[in-house]
Amino acid sequence: MVVSFIAQNLASAAGKPMASKSKPSDLNPENAPPAALSAETFIAEKRIGERIRRLRLKRSMGLVEMGRHTGLSASFLSQLETGRVVPTLRNLARVAMVFGRDLAYFFEPEPHPLFRLHRRSERVRLPQSGVDDPTYYFESLAYMVPDRQLDPYFAEFVPVRKGTEIRPHVHPGYEFLYLLQGELEIHHGDRTHALEAGDSVYFDAATPHSYRCGGAAPAVALIVTMHQMTPQAAAGVRPIPTQRVTAAASQPVETEQ
């Protein structure tokens, strides 16, 4: 357990100054007590001081203000952040409480920030599903991101024959579209809007909407859908079937929301 490990290894060194150099590699085993050496190495490996500093700066909090909240002096907190002193469990607990964290936060492995690169050559072009004559094609720009809260797409809307019926669709959340090139008509509810290259639109996706290429050349757009429930969807409005790309296979499927 974290607590028992710290209690055993930091007890004799907690709160005491470290060696003149903060790097564990610079410690002299002949001069430093085994417990202190182990504590300094452990603190350095877990980068506890850096974690405390990040929490403080994220709150735009100065050392003096943090000292008032923790009951610790600003000079001690400064040494704590720079790794010049070994903290006691009590002092770490005080810091953790200020930022709404538990003690384990300082000893668990740090999570890696989310970063996924999607190469253009690796994207898959998919047609509108459920129709024999697709009116648009799309490529997911975030198919490798698990549990994503928004879905960005590269979409191409092709010219359609006169009289072609385009089905409206709905989905929970909101949608943003930025038209990169061409002309595009967006039907939202009972209104129709004409877009040109450089225009953008942000709308409630729980309202039936559809797209139609408005020119002789394909219209190209960047679309981002956000999964947050809209007030209408939350109130129990029953949408019509829509197309969604599954996270696992990135294949469009007909779903009933």
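The values are calculated or read from the model by the stated rules, or taken from the named source; none is laboratory data. Just so you know, these numbers come straight off a predicted model, no measurement behind them. We place every Cβ from the backbone using ideal geometry, glycine too, and count neighbours over all the protein chains shown.
Against the conditions (1) part of a loop (DSSP other than H, G, I, E, B); (2) over 16 Å from P208 (Cβ atoms); (3) free of Cβ contacts under 8 Å to residues at least 40 places away in the same chain, E165 satisfies every one except (2). Residue under question is S140, and the condition is that it be under 24 Å from the mean Cα position of the chain (by Cα), among the polar types (S, T, N, Q), outside the structural domain of R56 (by TED's automatic domain parsing) and surrounded by 15 or more Cβ atoms within 10 Å (Cβ to Cβ); does it hold? Yes, satisfied. When you look at Y178, is it modelled with pLDDT of 90 or more, under 21 Å from V224 (Cβ atoms) and touching a Lys or Arg at 6+ places or on another chain (Cβ under 7 Å), yes or no? Answer is no for this residue.
Looking across segment 187-200, the residues that are surrounded by fewer than 17 Cβ atoms within 10 Å (Cβ to Cβ) and touching a strand residue (DSSP E or B) at 6+ places or on another chain (Cβ under 8 Å) come down to H187, G189, T192, H193, A194, E196, A197, G198, D199, S200.
Yes/no matrix, rows are residues, columns are (1) within 16 Å of A219 (Cβ to Cβ); (2) crowded, with 16+ Cβ neighbours inside 10 Å:
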site	(1), (2)
D151	no, yes
R167	no, no
L177	yes, yes
L180	yes, no
E185	yes, yes
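Okay, residues lined up against (1) out of contact with any Gly (no Cβ under 7 Å at 6 or more places or on another chain); (2) free of Cβ contacts under 8 Å to residues at least 60 places away in the same chain; (3) aromatic (F, W, Y):
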| residue | (1), (2), (3) |
| --- | --- |
| T70 | yes, yes, no |
| L80 | no, yes, no |
| G83 | no, no, no |
| T88 | no, no, no |
| V95 | yes, yes, no |
| V98 | yes, yes, no |
| L103 | yes, no, no |
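Filter segment 78-113 down to residues that are among the aromatic types (F, W, Y) and outside any loop (DSSP other than H, G, I, E, B) and give me whichever is surrounded by the most Cβ atoms within 10 Å (Cβ to Cβ). Top of the filtered list is F106.
How many residues does segment 108-137 hold that are of a type in the set (F, W, Y) and either over 29 Å from G214 (Cβ atoms) or within 15 Å of the chain's Cα centre (by Cα) (or both)? Qualifying residue count, segment 108-137: 1. Among the residues of segment 114-126, those identified as surrounded by 14 or more Cβ atoms within 10 Å (Cβ to Cβ) and under 30 Å from I166 (Cα atoms) are R123, L126. Scanning segment 154-165 for residues that are within 15 Å of I223 (Cβ to Cβ) and charged (D, E, K, R) returns a single hit, E156. Picking from residues in segment 148-162 that are part of a strand (DSSP E or B) and not small (G, A, S), the one that is farthest from G182 (Cα to Cα) is L150.
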